[in-house]
Structures are given as structure tokens and as C-alpha cells.
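Following: one structure in C-alpha cells, then a few remarks.
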Amino acid sequence: MGRTLANKKEIVAELKESLSDAQLAFVINYEGLSVAEITDLRNRLRPSGATCKITKNTLMNIAIDGNEDWQPMQEFLGDAAAFLFVGEEVGAAVKAYKGFQKDTKKTELRGGVLEGKPLTKEQVEALGDLPTKEELYAKIAGSINALATKIAVGVKEIPSGLARGIKAVSEKEE
């Protein structure tokens, strides 16, 4: 039994909403994956805030039609495709997918779209090497802390240096 027109419109609306929330979307060939493996992939993606949707290419084509930011995705549509929508945690989501791919060896990354530009498989995989938001926060906090420490040491050194200078002058006079 096929889907009704209302059901298809609902799916397209969900896809458009997922695209509007995503910074990156990439397409994988999921042919040969079992339901348990798809569930495993979704569970791995969940901590990064990414989602995996499986839908017909024609419905995705309708969802991206007229949206210039996602139009380049058309070149990756075809065969059995799963779509991964990634929010802010781009690096973490790509790492999660790469871990899944390494474990199952069944999927193939076709490419992705970021800020309206198509990305090759290699470019998407390179995004997995980016630090996560928490890692960036830690680096920024460490830099700020180091700067504050240097300022505190410098400020403390002024009166100490002045005291040493006064002491040296007073010893010289005696």
C-alpha cells in the first residue's frame, strides 16, 4: 500500500524543517543495512544532535526545490539514500558516522551540503577532524586563564619591584 498525498506532504514538511535546523546535511548509501544497524547509527548520532532520515529521493527533491542553500544536494540523490542532518556539532556527527561506517563497512558517503556549497566525500570526512564545541570552549577558557594569570603576575610585580628598589636605595644610603 502506497503513501497518501497528505502523508507525502507531511514527510516533505518534516524534511524542510530538518533542513532549516541543519548546518550540514550529508547523504549516505544505506543499501544493505538492517533495521538494527540503522537504529545503531541513529543512536550514535543522537549525542551530537544529528538525525538520520530515510526517505525517497523524490520527496527530498521536492523538499529542497526552491531552496538555494540545499539545491546542491540534488547531485547526491539516487539509489537508496539516507540523509543525515547535522546542527552545531558538525565534527562530532561526522566522527559518529565514520565510527559507524568503520564498524559496519556497509555504507558509503556520497557527499554533503554546507552553507549552500556541495562537499565531496573527502571534504565531509575532513569535517570530522574539527574540534567539538566543548573542546573549543576548553581552549578558549585555557587561553583566557593564561592571560589573566600573566596580568596578575605583572600587576603583582609592580609593587614588589618598587619595594625592592626602595630597599636597595635605603641600603645604599646606609
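Restricting L109, L147, L130, L162 to residues that are aliphatic (A, V, I, L, M) and closer than 26 Å to K16 by Cα narrows the list to L109.
Tell me, please, whether a residue that is in a strand (DSSP E or B), over 17 Å from G32 (Cα atoms), over 15 Å from the mean Cα position of the chain (by Cα) and assigned by TED's automatic domain parsing to the domain that holds I11 can be found in the stretch 114-123. Explain how you work it out, then say what you get.
Within the stretch 114-123, the subset in a strand (DSSP E or B) is 114, 117-119.
Applying the additional criterion that residues be over 17 Å from G32 (Cα atoms) yields 114, 117-119.
Cutting the leftovers down to over 15 Å from the mean Cα position of the chain (by Cα) gives us 117-118.
Restricting the remaining residues to those that are assigned by TED's automatic domain parsing to the domain that holds I11 gives 117-118.
Yes; the residues of the stretch 114-123 include at least one that is in a strand (DSSP E or B), over 17 Å from G32 (Cα atoms), over 15 Å from the mean Cα position of the chain (by Cα) and assigned by TED's automatic domain parsing to the domain that holds I11.
Summed over the stretch 104-113, residues that are of a type in the set (G, A, S) and either over 25 Å from D65 (Cα atoms) or assigned to a helix (DSSP H, G or I) (or both) total 0.
Give V94, V12 a once-over and let me know the one that is farther than 27 Å from L136 by Cα and either more than 16 Å from the chain's Cα centre (by Cα) or modelled with pLDDT of 85 or more (or both). Break it down into steps so the answer makes sense when it comes.
Details: V94 fails: farther than 27 Å from L136 by Cα.
That would be V12, the only listed residue that is farther than 27 Å from L136 by Cα and either more than 16 Å from the chain's Cα centre (by Cα) or modelled with pLDDT of 85 or more (or both).
The values are calculated or read from the model by the stated rules, or taken from the named source; none is laboratory data. Quick caveat, the model's predicted, so the values are computed rather than measured.
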